[in-house]
Amino acid sequence: MYEGVYLSFDFPTEIINEGMVKLVIPKLESFKRGFWDYAPSKAPVFYNPLMKTCRDIAVLALKSYRDIVKRELNVSEPLTGCGVRGIRFAKEIKGINTVYINDINKRAYEMAQYNVRLNNLTDQVFVANEDANLFLSKYAAPNRRFDFIDIDPFGSPVPYIDSALRALRDGGLLALTATDMAPLCGVYPKVALRKYGGVSLRTEYCHEIAIRLLAGCLATVAAKHNIGIEVLFSHSTDHYIRLYALISYGAKKADETLEKMGYILHCFKCFNREVHYGIPLIKWNIKCIKCGSNLKAAGPLWLGRIASKEFCNLMEGNLKNLGYMDKGVAKIISLIKNEADAPITYYVVDKISDKMNIPIPPIKKVIDGIKREGFKAVRTHFHDRGIKTNAPASNVIKVIKEAVMKSAH
């Protein structure tokens, strides 16, 4: 049945199944020089099996968005690689009118074309071989815009945000992936400032800062086009972060969006953190009100919500009908739903225990203790030992110490 598949390409390939589709992909093992090597980046066409969870969630998110808008959708993936994501959208979601996928790599373009034919989608999925920004700019006219655009690059999505926004219709959904975690998590704060327009900070909750920096970048770029945003869902998984945002046309919507920008101030001595709304530059010598140490700032970044409980409910409902999804997807969505309305930032029990030089107590005992103090406390998907709570740092530390003492007896 697949005779000629391997002859179509001048590099080793194999047939795999993902979701409901069948794909020809580079045989990744052939491009590894050792166990340490990252094969997807060495292969002539990009395919990363570790991003299946990301693609599963993308299918769920688009299906849930389709449930909200209740119309036929025109979808675009301008950095498609072998075509897996766009092909899955067409195959697995009812109500998708057309999918336009693109890659500047000629071999990727040819492989994506082959995979479209392999899944009998030539009337629904169209493949282009252009620069991503040039490709998107061709759909910027009002009557040509997409309902959903998925930007999933190797690195930062920032170079594509402007053209994606112009190619997205009013009320459309934009998905962004960022894999450049070192700048976003505070290892290279100047790079984060240069790329995302905000300073990152190397804290225990740096992955949440990363998402808020990406959302803040999107908000400020959108505002230049008189567009506002609403983040429906986001997650931090493995080596990347992911964001889904609705866009709304209008200067008023843009102004309302910018009101959700500001700074997170962090005390590295006592774990205290403060949130300050507003974009104008703040004084950098602000003192911690708890211990008097200098506070470090992350931002400007997005301080609005980074997930919608209602949208999570829709995704969970759709997940029940899709038994082939990774088991971890349900856990990620459930955790995000529970923390959707929780305060900004989170505490990591291990980090506090290390600082206090005490044993690490069970996370459940810490959560129960915080609740007994009269505060809210939930686990977070960002860190398996992380807690989101409205309790001050001093109360969290007190509860952790008490949990350790009780465990000792």
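Taking residues in segment 385-400 that are in contact (Cβ under 8 Å) with a residue 12 or more places away in the chain and farther than 26 Å from ARG305 by Cβ, and partners anywhere that are of a type in the set (A, V, I, L, M) and open to solvent by 40 Å² or more (accessible area, probe 1.4 Å), the pairs with Cβ atoms closer than 9 Å and at least 6 places apart or on different chains are ILE397/MET356; ILE400/MET356; ILE400/ILE358; ILE400/ILE360.
Results for (1) touching a Phe, Trp or Tyr at 6+ places or on another chain (Cβ under 8 Å); (2) among the hydrophobic types (A, V, I, L, M, F, W, C), shown as yes or no for each residue.
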site	(1), (2)
LYS296	yes, no
ASN313	no, no
LYS327	no, no
ILE333	no, yes
ALA340	no, yes
ILE352	yes, yes
MET356	no, yes
VAL366	no, yes
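For segment 287-312, which positions are touching an Asp or Glu at 6+ places or on another chain (Cβ under 8 Å), free of Cβ contacts under 8 Å to residues at least 40 places away in the same chain and surrounded by 15 or more Cβ atoms within 10 Å (Cβ to Cβ)? LEU295 - this is the single residue of segment 287-312 that is touching an Asp or Glu at 6+ places or on another chain (Cβ under 8 Å), free of Cβ contacts under 8 Å to residues at least 40 places away in the same chain and surrounded by 15 or more Cβ atoms within 10 Å (Cβ to Cβ). For segment 156-212, the set of residues classified as touching a residue at least 60 places away in the same chain (Cβ under 8 Å), under 26 Å from LYS351 (Cα atoms), in contact with a helix residue (DSSP H, G or I) (Cβ under 8 Å, 6 or more places away or on another chain) and of a type in the set (A, V, I, L, M) consists of ALA178, MET181, VAL199, LEU201, ILE209, listed by residue number.
Results for (1) outside any loop (DSSP other than H, G, I, E, B); (2) at positive phi; (3) out of contact with any helix residue (DSSP H, G or I) (no Cβ under 9 Å at 6 or more places or on another chain), shown as yes or no for each residue.
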residue	(1), (2), (3)
GLY328	yes, no, no
ASN338	yes, no, no
THR345	no, yes, no
ILE352	yes, no, no
LYS355	yes, no, no
ILE360	no, no, no
VAL366	yes, no, no
PHE375	no, no, no
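For segment 12-45, residues that are modelled with pLDDT of 90 or more and open to solvent by less than 20 Å² (accessible area, probe 1.4 Å) total 8. Checking LEU193 against (1) open to solvent by less than 20 Å² (accessible area, probe 1.4 Å); (2) within 23 Å of PRO153 (Cα to Cα): exactly one of these is not met. Which one? So the condition that LEU193 fails would be (1).
Of all residues in segment 267-278, those being buried (at least 18 other Cβ atoms within 10 Å of the Cβ) and part of a loop (DSSP other than H, G, I, E, B) number 3.
In segment 94-112, the residue that is farthest from GLU72 (Cα to Cα) out of those that are in contact with a helix residue (DSSP H, G or I) (Cβ under 9 Å, 6 or more places away or on another chain) and crowded, with 20+ Cβ neighbours inside 10 Å is MET111.
Within segment 12-29, how many residues turn out to be in a strand (DSSP E or B), within 20 Å of CYS54 (Cα to Cα) and not polar (S, T, N, Q)? Working first, answer last.
Residues of segment 12-29 that are in a strand (DSSP E or B), as a first pass: 13-18, 21-26.
Applying the additional criterion that residues be within 20 Å of CYS54 (Cα to Cα) yields 16-18, 21-26.
Imposing the further condition that a residue be not polar (S, T, N, Q) reduces the set to 16, 18, 21-26.
Here the count works out to 8.
Within segment 223-249, the set of residues being at pLDDT 95 or above, open to solvent by 60 Å² or more (accessible area, probe 1.4 Å) and either touching a Gly at 6+ places or on another chain (Cβ under 7 Å) or part of a loop (DSSP other than H, G, I, E, B) (or both) comprises HIS225, ASN226.
Yes or no: segment 165-175 includes at least one residue that is open to solvent by 10 Å² or more (accessible area, probe 1.4 Å) and either over 16 Å from TYR249 (Cα atoms) or within 15 Å of the chain's Cα centre (by Cα) (or both). Can you show your working first?
The initial filter retains those residues of segment 165-175 that are open to solvent by 10 Å² or more (accessible area, probe 1.4 Å), namely 166, 169-171.
Those left that are additionally either over 16 Å from TYR249 (Cα atoms) or within 15 Å of the chain's Cα centre (by Cα) (or both): none.
No, the conditions are met nowhere in segment 165-175.
Residue pairs whose Cβ atoms lie under 6 Å apart, separated by 6 or more positions or on different chains, with the first residue in segment 245-272 and over 23 Å from GLU208 (Cα atoms) and the second open to solvent by 40 Å² or more (accessible area, probe 1.4 Å) and assigned to a strand (DSSP E or B), are TYR249/ASP170. The requirement of being touching an Asp or Glu at 6+ places or on another chain (Cβ under 8 Å), surrounded by fewer than 23 Cβ atoms within 10 Å (Cβ to Cβ) and either at pLDDT 95 or above or at positive phi (or both) is fulfilled nowhere in segment 113-120; no residue meets it. From the list PRO343, PRO361, the one residue that fits, being at pLDDT 95 or above and crowded, with 21+ Cβ neighbours inside 10 Å, is PRO361. At pLDDT below 95, open to solvent by 20 Å² or more (accessible area, probe 1.4 Å), outside any loop (DSSP other than H, G, I, E, B) and charged (D, E, K, R): is that true of LYS371 in this structure? For LYS371, the condition - at pLDDT below 95, open to solvent by 20 Å² or more (accessible area, probe 1.4 Å), outside any loop (DSSP other than H, G, I, E, B) and charged (D, E, K, R) - is not met. Residues of segment 176-185 that are of a type in the set (Gly, Ala, Ser) and either touching a His at 6+ places or on another chain (Cβ under 7 Å) or open to solvent by 10 Å² or more (accessible area, probe 1.4 Å) (or both): ALA182 alone. The residue that is farthest from ALA182 (Cα to Cα), among those in segment 137-164 that are open to solvent by less than 40 Å² (accessible area, probe 1.4 Å) and of a type in the set (D, E, K, R), is ASP147.
Within segment 321-340, the residues that satisfy the criterion of being at pLDDT 95 or above and open to solvent by 50 Å² or more (accessible area, probe 1.4 Å) are LYS331, ASN338.
The values are calculated or read from the model by the stated rules, or taken from the named source; none is laboratory data. The structure displayed is predicted, hence computed values, not measured ones. No Cβ is skipped: glycine too gets one built from the backbone with ideal geometry, and neighbour counts run over all protein chains shown. The protein model used for the area step is the full one, side chains on, heavy atoms only, and it has no ligands, DNA or RNA in it. Shrake-Rupley method; radii C 1.70, N 1.55, O 1.52, S 1.80 Å.
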